[in-house]
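Novice: One structure, as C-alpha cells, below. Some questions next.
The values are calculated or read from the model by the stated rules, or taken from the named source; none is laboratory data. Predicted model, so just to flag it, every value in this text is computed and none were measured. Neighbour counts are summed over all protein chains in view; Cβ atoms, including those assigned to glycine, are modelled from backbone coordinates with ideal geometry. Please note that ligands, DNA and RNA were not included when accessible areas were found on the heavy atoms of the full protein model with its side chains. Shrake-Rupley method; radii C 1.70, N 1.55, O 1.52, S 1.80 Å.
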Amino acid sequence: LATIAWSQQQLSEFERAELFQLSTCVGGFGLEFAQRMCADESHDAWAVVEALSSLVDGSLVQVEPGDPPRYRLLESTRAYALEGLAQAGQAGAAMRRHAHALRDYFIETEEQRFGENGSLTMADYMRRLSPELDNLRAALDWAMGLGDDLATALALCGASAMMLRWSGLSEEGLQRVLQVRRRLEQVNSPANQASLWLAVSHLGDIGRLLPLPELLDTAQRAVAIYRKSGHRRRLYQSLYNEGWLLSYSDQSAAVAGVLEEMRQLERVPDPAWLRALRQNLVGGVALREERFDEAAAIFFEQDRLLAAVPGEE
C-alpha cells in the first residue's frame, strides 16, 4: 500500500484522476473506452492517451497483448484506487461516468452495425464489444441497483443483445432484459421501447427461453414501432424476427405477407448480411415444408452472397 501510495503521489492531478476512474473498469478496458470515460472539458482524448502512457510507465496499469491491446490495473492498485474514490465520496459519480461512457460506446457500435447507415461487419462488431462483457455486467448492475438509472440500463440492454446472443449468453442477457421490461411503462421513448422488444425476441428465441406466443408478441411490438418511426433497416430486421416466429406458428399466409413487405423495403446499397435475411427466411420455410431442393438452392445463393464479404457469419 505504501508503494502504491508513493507511486500515485508522483502523478499529475489528471493522471491521478484517470487512474481512479479507470479503477471502475472490470476485466480491463480498451483504449477507446478509456478515452470516452476519462476525457473532459479540459483534457481531450489525446491527453487521456498521454496520461495512460504515464500510468503504464509507472507500472500502475498493465498492457495486455492483442490487436488492439487492452489495459488492466493490478488488483492491488485497483483496490487502492476504489478505496480512494469511496473515501472522497466520488465512487457513485465514477460508476455513473463508467456506465454512461459504456452506454455511449455500445450504442454507437450497435448503430454502426445495425443502423440505417451501418457498415460494420459481424466480426468487427464482436471485436469491439465482446471484450467489454465484464464492464457491461458492472454497468448494468449499477444502473439497475445503486444508480437507479433505467434509461442507461435500457440502452445497454438494447445495444448489447446481439453481442450476447452471438457470444452464447442469451439466457444471461434475457434475464437482464426482462428485469428492465418490468419497468418499461416508465420509458417515454418509442425507439428505446422498440430496441428492448427486439432484444427480447433476439435473446428469448435461442433454445425457446420464452413461449412462442410471447416471443411473437414482442417481435410484432417492435415492428409496429419501427413502421411508425421510419427506420427502414430496423423495420426490416424486426420483420425478419416476426417472420421466423410466424413460420414456427404455422401461419404461412402471414409469413408471405412479411416476406413481401421485406422485399419492398430492400435497397441495392444495403449490406450483404441484411439482404441475406429474407433469403434465410424463405429457405427456412422451404426446409420445414420439406421442399429440400428449393431450400438448398436458396441457401447456396445466400452462401455466395455472404462469402464475398469477409467478417460475416
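Novice: Based on this model, can you work out whether residue 248 counts as aromatic (Phe, Trp, Tyr) and surrounded by 19 or more Cβ atoms within 10 Å (Cβ to Cβ)?
Specialist: Numbers: aromatic (Phe, Trp, Tyr): yes; surrounded by 19 or more Cβ atoms within 10 Å (Cβ to Cβ): no.
Against the criterion (aromatic (Phe, Trp, Tyr) and surrounded by 19 or more Cβ atoms within 10 Å (Cβ to Cβ)), residue 248 does not qualify.
Novice: Please tell me if residue 304 is under 16 Å from residue 248 (Cβ atoms), open to solvent by 80 Å² or more (accessible area, probe 1.4 Å) and at pLDDT below 95. If you could, list the steps in order and put the result at the bottom.
Specialist: Numbers: under 16 Å from residue 248 (Cβ atoms): no; open to solvent by 80 Å² or more (accessible area, probe 1.4 Å): yes; at pLDDT below 95: yes.
Considered against the rule, which asks whether it is under 16 Å from residue 248 (Cβ atoms), open to solvent by 80 Å² or more (accessible area, probe 1.4 Å) and at pLDDT below 95, residue 304 comes out as no.
Novice: Name every residue in the range 224-266 that is modelled with pLDDT under 95, assigned to a helix (DSSP H, G or I) and among the hydroxyl-bearing types (Ser, Thr, Tyr), in order of residue number.
Specialist: If the condition is that a residue be modelled with pLDDT under 95, assigned to a helix (DSSP H, G or I) and among the hydroxyl-bearing types (Ser, Thr, Tyr), then 229, 247, 248, 252 are the ones that fit.
Novice: For residue 54, state whether it is part of a helix (DSSP H, G or I), touching a Gly at 6+ places or on another chain (Cβ under 8 Å) and of a type in the set (Ser, Thr, Tyr).
Specialist: Working: part of a helix (DSSP H, G or I): yes; touching a Gly at 6+ places or on another chain (Cβ under 8 Å): no; of a type in the set (Ser, Thr, Tyr): yes.
No, not satisfied.
Novice: I'd like the residue in the range 102-157 that is closer than 22 Å to residue 191 by Cβ and β-branched (Val, Ile, Thr) and, out of all such residues, is surrounded by the most Cβ atoms within 10 Å (Cβ to Cβ).
Specialist: 109
Novice: Something else about it: Is there a residue in the range 29-52 that is crowded, with 17+ Cβ neighbours inside 10 Å and closer than 21 Å to residue 2 by Cα?
Specialist: The answer is no, given that none of the residues of the range 29-52 is crowded, with 17+ Cβ neighbours inside 10 Å and closer than 21 Å to residue 2 by Cα.
Novice: Look at residue 221 and say whether it is closer than 17 Å to residue 161 by Cβ, open to solvent by 70 Å² or more (accessible area, probe 1.4 Å) and either in a helix (DSSP H, G or I) or at pLDDT 95 or above (or both). Even if it seems obvious, please write down each step before you answer.
Specialist: On the way: closer than 17 Å to residue 161 by Cβ: yes; open to solvent by 70 Å² or more (accessible area, probe 1.4 Å): yes; either in a helix (DSSP H, G or I) or at pLDDT 95 or above (or both): yes.
Yes, satisfied.
Novice: Right, here's the next one. So which of 33, 20, 14 ends up being of a type in the set (A, V, I, L, M, F, W, C) and within 14 Å of residue 102 (Cβ to Cβ)? Spell out the reasoning first.
Specialist: Numbers: 20 fails: within 14 Å of residue 102 (Cβ to Cβ); 14 fails: within 14 Å of residue 102 (Cβ to Cβ).
None of the other options fit; the residue is 33.
Novice: Mind telling me which of the residues 84, 92 ends up being among the small types (Gly, Ala, Ser), open to solvent by 10 Å² or more (accessible area, probe 1.4 Å), closer than 19 Å to residue 7 by Cβ and touching a residue at least 12 places away in the same chain (Cβ under 8 Å)? Break it down into steps so the answer makes sense when it comes.
Specialist: Details: 92 fails: closer than 19 Å to residue 7 by Cβ.
Only one candidate passes the filter, namely 84.
Novice: Can you name every residue in the range 175-184 that is closer than 16 Å to residue 197 by Cβ and open to solvent by 10 Å² or more (accessible area, probe 1.4 Å)?
Specialist: 176, 178, 179, 181, 182, 183, 184
Novice: Pull out all pairs, ordered by first then second residue, where Cβ-Cβ is under 7 Å, the residues are six or more apart or on different chains, the first lies in the range 206-226 and is farther than 16 Å from residue 173 by Cα, and the second is open to solvent by 50 Å² or more (accessible area, probe 1.4 Å) and of a type in the set (Ser, Thr, Tyr).
Specialist: 212/248
Novice: Could you please find all residues in the range 192-211 being loosely packed, with under 14 Cβ neighbours inside 10 Å and among the aliphatic types (A, V, I, L, M)?
Specialist: Going through the range 192-211, the residues loosely packed, with under 14 Cβ neighbours inside 10 Å turn out to be 207-208, 211.
None; the set is empty.
Novice: To continue, here is another question. Has the range 262-285 got at least one residue that is out of contact with any Lys or Arg (no Cβ under 8 Å at 6 or more places or on another chain), open to solvent by less than 50 Å² (accessible area, probe 1.4 Å) and of a type in the set (Lys, Arg)?
Specialist: No; the residues of the range 262-285 include none that is out of contact with any Lys or Arg (no Cβ under 8 Å at 6 or more places or on another chain), open to solvent by less than 50 Å² (accessible area, probe 1.4 Å) and of a type in the set (Lys, Arg).
Novice: Write out, first by first residue and then by second, each pair whose Cβ atoms fall under 6 Å of each other, whose residues are 6+ apart or on separate chains, and whose first residue, in the range 125-139, is in contact (Cβ under 8 Å) with a residue 12 or more places away in the chain while the second is of a type in the set (Lys, Arg) and part of a helix (DSSP H, G or I).
Specialist: So the pair list comes out as 125/113.
Novice: Just to verify a result, which residue in the range 131-147, among those that are assigned to a loop (DSSP other than H, G, I, E, B) and of a type in the set (Gly, Ala, Ser), is nearest to residue 96 (Cα to Cα)? It would help to see each step written out before you state the result.
Specialist: Residues of the range 131-147 assigned to a loop (DSSP other than H, G, I, E, B): 144-147.
Okay, now just the ones that are also of a type in the set (Gly, Ala, Ser), so 145, 147.
Working: 145: 12, 147: 7 Å.
Taking the candidates together, the pick is 147.
Novice: Would you say residue 172 is among the charged types (D, E, K, R), surrounded by fewer than 24 Cβ atoms within 10 Å (Cβ to Cβ) and more than 18 Å from the chain's Cα centre (by Cα)?
Specialist: Working: among the charged types (D, E, K, R): yes; surrounded by fewer than 24 Cβ atoms within 10 Å (Cβ to Cβ): yes; more than 18 Å from the chain's Cα centre (by Cα): no.
So residue 172 does not fit the description; no.
Novice: Limited to the range 267-313, what total is found for residues that are assigned to a helix (DSSP H, G or I) and either under 19 Å from residue 256 (Cα atoms) or not aromatic (Phe, Trp, Tyr) (or both)?
Specialist: Qualifying residue count for the region: 31.
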